[in-house]
Amino acid sequence: MHLKLLALLALSLSIVSLSQADEIYKTDPEHTFVSFSYRHLNYSVQTSRFDAVSGIVRVNDKNDGGSVEMTINTNSISTGSPTFNHILQSEDFFSSEKFPLATFKSDSIIFNQDDISAIYGELTIKGITKPVRIEVDHFNCSRNLLTLQYMCGANASAKISRSDFDLGKYTPFVGDEVTLNIVIEASRQ
């Protein structure tokens, strides 16, 4: 009798833990990137991007928490100019040979009902880690009509100071404040 009760309890606990499991989403490399913009000599706002961005997003089934892990390959910087790409990959800026990856890690996803409104985490560039808040402007999930996979997508932004990450060369002539714009599409695994 006790064995049956224990077996039933174990089965119940496993069903409960399965129902509370995180949904895992893997980013689509063709539709996920990070762009950044900054003031250049007060003439214009320049925008460039990183083409190689990958990550995993975990969201619990109650839409009240989760985690994000993103990796940015700093060698994938795309400014529209091979010469300027090389300058930004140099030791004066991203030092891409020594620090080929920048990372963002978060275990704090803020929901407003079923929508993600913000993500708090830590951004690491050149081995320097700083807290950052990402504002989510758009968030949507549905079945992709082409692949039939369940997907989520978002547009988000954050502001950082490049000097906080040892990227401050030519400040104040080149603006210290950088706006990050994140575009992400991810498939449920």
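Straight-line cross-link reach from Lys130 at under 18 Å between alpha-carbon atoms covers these aspartates and glutamates, not counting any fewer than eight positions away in the same chain: Glu69, Asp107, Glu122, Asp164, Asp166, Asp176, Glu177.
In the chain, which longest range has no trypsin sites (Lys or Arg not before Pro) that are both DSSP loop (not H, G, I, E or B) and surrounded by at most 12 other Cβ atoms within 10 Å? It runs 99-189. Heavy-atom surface analysis with a 1.4 Å probe gives the chain a carbon and sulfur content of 55 percent of its accessible area. Of Leu148, Leu167, Leu41, the residue with the greatest mean-square motion in the GNM of the chain, using alpha carbon springs below 10 Å, is Leu148. Within the set (1) 1.42; (2) 1.44; (3) 1.10, the number that Rg/Rh (Cα atoms, Kirkwood Rh) takes when calculated for this structure is listed as (3).
Potential lengthening of the chain between Asp61 and Tyr43 amounts to 1.7 nm, from the contour at 0.36 nm per residue minus the alpha-carbon distance.
The residues of the chain expose on average 62 square angstrom of accessible surface per residue, using a 1.4 Å probe on protein heavy atoms.
Out of every Cα pair in the range 75-185, what percent are spaced more than 22 Å from each other? Within the range 75-185, distances greater than 22 Å cover 44 percent of Cα pairs. FRET efficiency for the pair Asp164 and Arg143, taken as 1/(1 + (r/R0)^6) with r the Cβ-Cβ distance and R0 = 41 Å, rounds to 0.50.
The values are calculated or read from the model by the stated rules, or taken from the named source; none is laboratory data. These numbers come from a predicted model, not from an experiment. FYI the Cβ positions are ideal-geometry reconstructions off the backbone, even for glycines, and counts take in every protein chain you see. The area values use the complete protein model at the heavy-atom level, side chains included, leaving out ligands, DNA and RNA. Shrake-Rupley method; radii C 1.70, N 1.55, O 1.52, S 1.80 Å.
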